[in-house]
Protein chains: 2
Amino acid sequence: MAKVVTIEQRILKKNTEVAAENRRHFEEQGAYVVSLASSPGSGKTSLLEVALTELRKEVAVGVIEGDVQTDNDARRIEALGIPAVQVVTNGTCHLDAQMVQGALEHVPFDKVELLFIENVGNLVCPASYDLGEHLRIVVASVTEGEDKPLKYPAMFRRSHALVLNKIDLLPYLRYDMAAARAMALRVNSNLEIFETSCLTGQGVLEFCQWVLTQMAKTTAA
Amino acid sequence: MAKVVTIEQRILKKNTEVAAENRRHFEEQGAYVVSLASSPGSGKTSLLEVALTELRKEVAVGVIEGDVQTDNDARRIEALGIPAVQVVTNGTCHLDAQMVQGALEHVPFDKVELLFIENVGNLVCPASYDLGEHLRIVVASVTEGEDKPLKYPAMFRRSHALVLNKIDLLPYLRYDMAAARAMALRVNSNLEIFETSCLTGQGVLEFCQWVLTQMAKTTAA
């Protein structure tokens, strides 16, 4: 097993190097980059659909979509007239920095100031891979229960914000929002927490405003 | 990268060997073993809670719980007076046959005829690891959307049954059940599909009856 660990460490070291190259590329292109991770079906693409509709009023937006299979998500984003690049991992459980690097030549950076990267739906493996992004967001649907941060701590620990999505379903669930927030903050006390519904739009503007504020801070720095 | 693939193949080969040992052990003990996989928060543990309450009327039941962190799930099962062993993977994104083998000495097989193994919440990685189980079930919540089989095909391809859970929420969702079933069957035309709600109990008896029928077939063979 020692050898396997060494190989894993080598993969992660290589990933970190390529992530740094990505980050330099983003800075050269003047693009601010935000990643989204979550369980399958938490609503990352739906959140992008509603958030990008707002964000594009302020900045030029684009998306890199990561999926094990299908280009469904890129097609949903393109349907909004927003540039989207699909990365199909063909069985791999996460995006890595090299996959993102391979997608960058297809991103029209002359027309993209704010780039979102939507990861494969997986709360475990993507936590280990820096993609070169500036901001990391984890999405969790309220239908998944309150305890996901305790059960999958790495992802919540390395994220800057948590979006609790599908709050339109709260009246029909046994879900304790105060408990959910407390569990998330127990794992990462610096997490910004948003409550959103992509159906009603509730909370989406607040989330968008926060992303723009973070973007402005970095661009000014 | 060739070297990495070789190591991965070696890990999977070792896993297959240990899974065969597990299978022999289950047969010696006269236990029938069913695994559950799903996204985080699809309701695997809730399904176990309601299904085991029914199944225990017919057979002696037990559970091995897999989680990245916490023993929350084993405690929920134990609260029903059902023997449960928690495997904490400490960051690993799936159960493997060796982890299950390590848990077996804690399973009271003199009191367990039907053993469930609940995997880590992950629709990708667990698909590669045979645990030695007789029956593989994938759970998907209807809140996750219809297209999960297309996006995560390996898991649906290797499963014997799909449980579409949380159907009590259907009135509040834009979810096309016919489309969901068609997508699942496109990936695996042999899938048995059940629709369940752990809140109302709908569909749970039918699911339990099917598990018992599969168990009887194997035991008779």
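The values are calculated or read from the model by the stated rules, or taken from the named source; none is laboratory data. Everything numeric in this text was worked out from a predicted model, so none of it was measured. Cβ coordinates were reconstructed from backbone atoms using ideal geometry, including for glycine residues, and neighbour counts include every protein chain displayed.
Report whether or not A:Gln98 is among the polar types (S, T, N, Q), over 21 Å from A:Gln214 (Cα atoms) and more than 10 Å from chain B (Cβ to nearest Cβ). It is true that A:Gln98 is among the polar types (S, T, N, Q), over 21 Å from A:Gln214 (Cα atoms) and more than 10 Å from chain B (Cβ to nearest Cβ).
Restricting attention to the range B:154-176, the residues that are without any contact (Cβ under 8 Å) to a residue 24 or more places away in the chain and not charged (D, E, K, R) add up to 2.
Just one of the listed residues (B:Val59, B:Val85) is more than 13 Å from the chain's Cα centre (by Cα), away from chain A (no Cβ under 14 Å) and more than 19 Å from B:Phe207 (Cα to Cα), and it is B:Val85.
When the range A:189-221 is filtered for residues that are hydrophobic (A, V, I, L, M, F, W, C), more than 16 Å from A:His160 (Cα to Cα) and touching a strand residue (DSSP E or B) at 6+ places or on another chain (Cβ under 8 Å), only A:Cys198 remains.
Contact map, the range A:1-27: residues that are at positive phi paired with residues that are modelled with pLDDT under 95, Cβ distance under 9 Å, separation 6+ or inter-chain. No pairs are found.
Considering the range A:62-82, the residues that are in contact (Cβ under 8 Å) with a residue 12 or more places away in the chain and over 19 Å from B:Gly145 (Cα atoms) include one that is farthest from the chain's Cα centre (by Cα), namely A:Leu80. Counting only residues that are in contact with a helix residue (DSSP H, G or I) (Cβ under 8 Å, 6 or more places away or on another chain) and without any contact (Cβ under 8 Å) to a residue 40 or more places away in the chain, the range B:96-128 holds 2 of them. Suppose the filter is among the polar types (S, T, N, Q) and on the phi < 0 side of the Ramachandran plot; does B:Asn119 pass it? The answer is yes for B:Asn119.
One residue stands out among those in the range A:28-47 that are more than 14 Å from every other protein chain (Cβ to nearest Cβ) and either farther than 20 Å from A:Ala127 by Cβ or modelled with pLDDT under 95 (or both): the one that is surrounded by the most Cβ atoms within 10 Å (Cβ to Cβ), which is A:Tyr32. The listed residues are B:Leu185, B:Leu191, and the only one of them that is more than 14 Å from chain A (Cβ to nearest Cβ), more than 21 Å from B:Leu52 (Cβ to Cβ) and touching a helix residue (DSSP H, G or I) at 6+ places or on another chain (Cβ under 8 Å) turns out to be B:Leu191. Contact annotation: residue pairs with Cβ atoms under 9 Å, 6 or more positions apart or on different chains, pairing a residue in the range A:194-219 that is on the phi > 0 side of the Ramachandran plot with a partner that is part of a loop (DSSP other than H, G, I, E, B) and surrounded by 13 or more Cβ atoms within 10 Å (Cβ to Cβ), are A:Gly203/A:Thr196; A:Gly203/A:Ser197.
Can you tell me which residue within the range B:110-154, out of those that are among the acidic types (Asp, Glu) and away from every other protein chain (no Cβ under 14 Å), is nearest to A:Ser42 (Cα to Cα)? Across the range B:110-154, the extreme among qualifying residues is B:Asp130.
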